[in-house]
Every structure is written in C-alpha cells, then in structure tokens.
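The structure appears right after this line, and notes come after that.
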Amino acid sequence: MSPDSHQDPLHELHQAARIDDLSESRGMRVCIKCGDQETPILLVRDGEAVHAFSADCPHAGALLEEGAVCDGKIVCPWHKGTFDLRDGSLIEPLPLKGLTRYPVTLKDGEVFVGLEPQAPHAADKTMLIVSSGAAGAAACAILHETGFARRIVMAGHDAPMPYDRTSLSKFVISGEMPVDDTPPLLDDDFFACHAVERIDSNAVHLDALARHAELVDGRKIDYDIALVCTSGTPKPLDIPGANLAHVHMLRRIDDARAIVESLDTLSGNTRAVIVGASFIGLEVASSLRKRGVEVSVVAPGKVPFEKSFGTRIGEMFRKLHEKNGVTFYMNAQVKALRGGNAVSEVMLDSGERITANLVIVGTGVKPGYGEALRIEHWRVAQQQARIAAFNMAGIESAYDGVPYFWTYHYGKNFDYLGHVDAPDYVEIDGDLGQQKFIAYLLKDGAVRAIVACEHQRAVCRLAEAMRTGLTLESARSTAQKAD
Ligand SMILES: Cc1cc2nc3c(=O)[nH]c(=O)nc-3n(C[C@H](O)[C@H](O)[C@H](O)COP(=O)(O)OP(=O)(O)OC[C@H]3O[C@@H](n4cnc5c(N)ncnc54)[C@H](O)[C@@H]3O)c2cc1C
Ligand code: FES
C-alpha cells in the first residue's frame, strides 16, 4: 500500500517521523492532523519495525512517552500499566483496556501512520461476575477483550457504575474532586457497546454444581462460569463510642460522601483524629491538611509503615506529615470515643485525651477466606482478575506479575514494587528528606521490594526486571539505564 493511496481520511496514511529519530527504549509522541481532528500517536521502534498506538494511557491519561519501553512492553509512567509492544494489548492493569493500534508503513526511512483502528472478536458464553470493584471490573474488561462471553452479568452494589476507590482518600476528601466526579472504572462507551448486564444487587447464594446464583433482590441467574471477587470488609473499631456521629470508615463512595458532609457540617472548625497510620489513614491526613483541618494520628508501632518499609522510610513519612502539621501519637491505642450524639473526645490507652469532632478509622480490612499471602493493592486485585478471566475464557494463564501500588501525600507520589515483610536491610539511593530516592528493601540477599519517589521511568524498568528476581547490583544497574 502506498502512503498516499486512499481518499477516505481514516484510511489515509500520514507522514509521522523518520525511523532514525525513534528509540527502542522509549516512545515518541506525534500529533496527526486529519481535518480539524488531532490524534496523539505513540511511535515505538522495534528493531527495523515501528509500531503506532494511542499515546495517552487509557487509565488516567499519562503521557506514555514518559514511561519506558523494555522487554517487549510499554510501561506507563504513572501506575505502571503495561502493554504488549507488538499489538498494544493490555498485559498489566491499572488500565482495563489495551492501546488502540494504528497501521504503520515504512518507506525510504519515513514512518507513515493510518488512523483506522482495529476491530474486536465475536462471542458465545454467559459469565457471571459477583463483584463490581477493582477485580470485577478488570475481569469484565478482559472477558470482553477475549471475545469469549456472549453475555456478561456483573452483580453487586457498585454495579451501576464501578468506580475508582483510590481517588477517595487522595482527591475527594481533600475537596479537589467532587464525590460525584469519582472516576468510573469502565466508561459509558464500554457499557453502551458491550453486552454487559449490570445488576445493582449482591449475591446471596451460589450453586457451583448447578451453575446457578441468587441475588438479594430475588433474581436468579444461570451462568456458564462465575467469578467471585467480593474482597475484604473494613475492620470496625470495636470500642465504646464507635457509633457516634462524625466517626467514619473509608471504603466506599458513600463513606467519602459522609466524611465530606461531616466536614461541611463542622465547617472551618474541624479537629480530626485518624485511627491507624495505614496508607488510607495517612492519605486522609494529607487530604484533611489540604483543607486546613487540624489532624492527629493515633497508631501502634514506632513509625508508620515500619513493617513494610523499615524504620528509615517510615520515619521519612512521619517527618513529611509532621512538616505539614500532623501530630502523631505513636505506640498508642484508642480506648474509647466520647461525646453526646457526636464525637468530641478520643481517649487513649495511656490516659491521654485528644479533643476531636471528626474521627476516621483506617485500621485495615478483614480478608475473605484463607491467608496465604495478603496483598491489598488495587493493581494486584486487577492482575489476579485478569488471570482468572483468561482462564475462564480457556486461555491458560498463571500469575507472574509483580505487586505494585502507589500512595500520594502532599503532592508527592510514592511507588512501591514487590512485597516484603520485615526486610533484613534497606539501601537508599538519593535523598529521603527531599523525597527523591529509590530504596531497595532486601531479604535473604535479594531485592524483594522497592520504594521510590520521583523516579518514574526507573520504576517502570524495575517493575519488569523484578519478574525474574533482582540483586542489589542488578536493580541499581536497571535503574541507571533509565537516566
Ligand atoms: C480510600 C481507599 C484508597 C485506596 N488507595 C489505594 C492506592 O492508592 N493504591 C492501591 O494499590 N490500593 C489502594 N486501595 C486498596 C484498593 O482499593 C483495593 O486493593 C482494591 O479495591 C481491591 O480490589 P477488589 O476487587 O478485591 O475489592 P473491591 O474493589 O473492594 O471490590 C469488591 C466488590 O465486591 C462487592 N461485593 C461484596 N460482597 C458482594 C456480594 N455478596 N455480591 C456481589 N458483590 C459483592 C463490593 O460491593 C465491591 O464492589 C485503596 C482503598 C481505599 C478504600
Ligand atoms: S495512567 Fe497509566 S496506569 Fe494509570
């Protein structure tokens, strides 16, 4: 096909770059104009071939040229969404769909791109997904992508519009995002175009032999294959006063709405206590400080996140929060909450009392069944759901992903790769105090986890390299390649 052989603008080929200007380790963004439309395209060199994809990450819009290309994959700089370099298909969440792939033609060292994207497959079974959270939405997207499901039924409380819980503690509580703008996990177009039935009702009974489910609202569903991913339940605070007004947990969008309502009621006069120095607890602390709320954190242990990150990084988080005005009561437990209708005081086991008119409980979740290894990250839930969905579709798959999560405090994003409980030691390259560092958490001589801030491209590379294991030396050398 010659670069200029078609009249239809979508079929037309557009001169986009010279192949010599493209790199094999990162993509290049070009904008192709067609009429009054501009399409951002990511060009990636792959030996003597060139691939062209949509240039913005389908998850939250990161510019993919700021990520890395390595081991045949394109890795997003923000939450490490990973795509197959050959066809743009999704390998790792957080995105729930792959990149749009555009046709490429090479001629005399010039790269020409067409704007006609490719089409999906056909379908034939009924799949039931009991959940409408992170894993449920990921499974739904994959079942569609594999083309195996004729009918997909998603049943659960959040089914009308599965949403991104992770924004609640970061942006909704801070007031930057109205509750009703919490980002959906699958956009309206997905539901409009695909045979996904959403039922706003939890499942109460599943007969796996008869392949039959019953929902709270009495509906009965016959299915071919079901996926149950109903997650854990937040641990309630089992102490006197836990039911007072303005005492909240944060798990669902309704919890976030209730917290925002409390903040509105208390107006400029809020004194908050966060129970538990968990990721959610401290993200909420950061968000409340953004609103000017006075914040205290009560938690057991010497420093936050000590078990996951070790003492030095835990200390860094504590100092970062203290610098931003948070008061810590560490090695402490909350014994009771006092007040009339609404909370007014928090009693500690030491006998200390903290005046507070808002209490947020961030003490973790109870798992469903079993406890071989609990990793409570968004991306892991979606990675596992993808594997389950591929297996449901008859495409045998095993989990070989690297756990990853991010956490956001005072405008700084921290990446955490891998998993380790109680590392033997921690090597830190960079400046912890300035929050510009990569920390390697070692156990039994291997790098088991990495915590980093402001090293996005290095973390993209490390996320891939960690699949096959890393020593401190190989990890450092992988990180340096990103510079
Ligand atoms: C405020 C907040 C911030 C977070 N921030 C981060 C972050 O920055 N990074 C990170 O990695 N992780 C973060 N997490 C953790 C992340 O949200 C979880 O790891 C992830 O949601 C787990 O996915 P899941 O699908 O297993 O569970 P969920 O997303 O909780 O989904 C479970 C779903 O099952 C439904 N359900 C329960 N019972 C039934 C039933 N009987 N029938 C049908 N449906 C049912 C529930 O209503 C829910 O919709 C955060 C969590 C919260 C609450
Ligand atoms: S923006 Fe790419 S994974 Fe989130």
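The values are calculated or read from the model by the stated rules, or taken from the named source; none is laboratory data. Here the structure is a predicted model, which means the values were calculated and not measured. Quick reminder, even Gly has a Cβ in these numbers, built from the backbone with ideal geometry, and neighbours come from all protein chains shown. Only protein heavy atoms, including side chains, enter the accessible area calculation; ligands, DNA and RNA are left aside. Shrake-Rupley method; radii C 1.70, N 1.55, O 1.52, S 1.80 Å.
Observations on the model:
- Alpha-carbon Rg with Dmax, taken over the range 338-483, Å: 19.9, 60
- In order along the range 324-333, phi translates into HN-Hα couplings of 9, x, 8, 9, 9, 10, 8, 6, 9, 10 Hz, rounded to whole numbers, per the Karplus curve 6.51 cos²θ - 1.76 cosθ + 1.60 with θ = phi - 60° and x for Gly and Pro.
- Remark: the ALA342-HIS205 segment gains 45.5 nm on full extension, using 0.36 nm per residue and subtracting the alpha carbon distance.
- Once you reduce the range 283-297 and the range 140-197 to the center of their Cα atoms, the two points are 28 Å from each other.
- Element breakdown for the range 13-114 at a 1.4 angstrom probe: carbon and sulfur atoms account for 44% of the accessible area.
- Of the solvent-accessible surface of the range 395-460, computed with a 1.4 Å probe and all protein chains present, 46% belongs to carbon and sulfur.
- Stretched out straight at 0.36 nm per residue, the stretch from ASP431 to CYS31 would grow longer than its current Cα-Cα span by 140.3 nm.
- Overall, the range 377-448 carries a charge dipole of about 300 debye about its Cα centre when +1 sits on the Cβ of Lys and Arg and -1 on the Cβ of Asp and Glu, all other atoms neutral.
- Average accessible surface for the chain: 46 Å² per residue, computed with a 1.4 Å probe over protein heavy atoms with every protein chain in place.
- Under 5 Å between amide hydrogens, built in the peptide plane, is the criterion, and for ALA336 it picks out MET347 among residues at least 5 positions away or on other chains.
- Estimated translational diffusion coefficient (Stokes-Einstein, Kirkwood radius over Cα pairs, 20 °C, 1.002 mPa s) of the chain: 88 µm² per second.
- Charge sum, other residues only, whose C-beta stays under 14 Å from SER89's C-beta, Lys/Arg counted +1 and Asp/Glu -1: +1
- Most positive-pole-ward Cα, GLY268, TYR223, PRO93, against dipole of the chain from beta carbon charges: GLY268
- The range 125-232, accessible surface, carbon-and-sulfur percent (1.4 angstrom probe): 50 percent
- Separation in nanometres of the label points that stand 7 Å from Cα toward Cβ, at LEU244 and LYS366: 2.5 nm
- Percent antiparallel among DSSP beta bridges (both partners in the chain, rounded to 5): 70 percent
- The range 425-449 and the range 13-39 have their alpha-carbon centroids 38 Å apart.
- Hull shadow area, averaged, the range 234-364 [alpha-carbon convex hull, nm²]: 7.3 nm²
- Point-charge dipole on Cβ atoms (K/R +1, D/E -1) for the chain, about Cα centre, debye to 20: 1600 debye
- Summing +1 for each Lys or Arg and -1 for each Asp or Glu among the other residues whose beta-carbon sits under 12 angstrom from that of PHE405 gives -1.
- Treating r as the C-beta distance of GLU214 and CYS193 and R0 as 45 Å, the FRET efficiency rounds to 0.95.
- Charge dipole of the range 234-364 about the Cα centre (unit charges at C-beta), most positive-ward option of SER278, GLY241, GLY362: SER278
- Our note on the geometry: Cα centres of the range 380-410 and the range 58-132, 16 Å apart.
- Spin-label model, ALA398/THR105: points 7 Å from Cα along the beta carbon direction are separated by 4.5 nm.
- Distance violations [Cα-Cα > 24 Å] among LYS290/LYS366; LYS80/LYS481; LYS97/LYS125; LYS220/LYS366: LYS290/LYS366; LYS220/LYS366
- Cβ charges +1 (Lys, Arg) and -1 (Asp, Glu), total dipole of the range 234-364, debye: 300 debye
- Using a Förster distance of 41 Å, the FRET efficiency for LYS319-GLU38 (Cβ separation, nearest 0.05): 0.35
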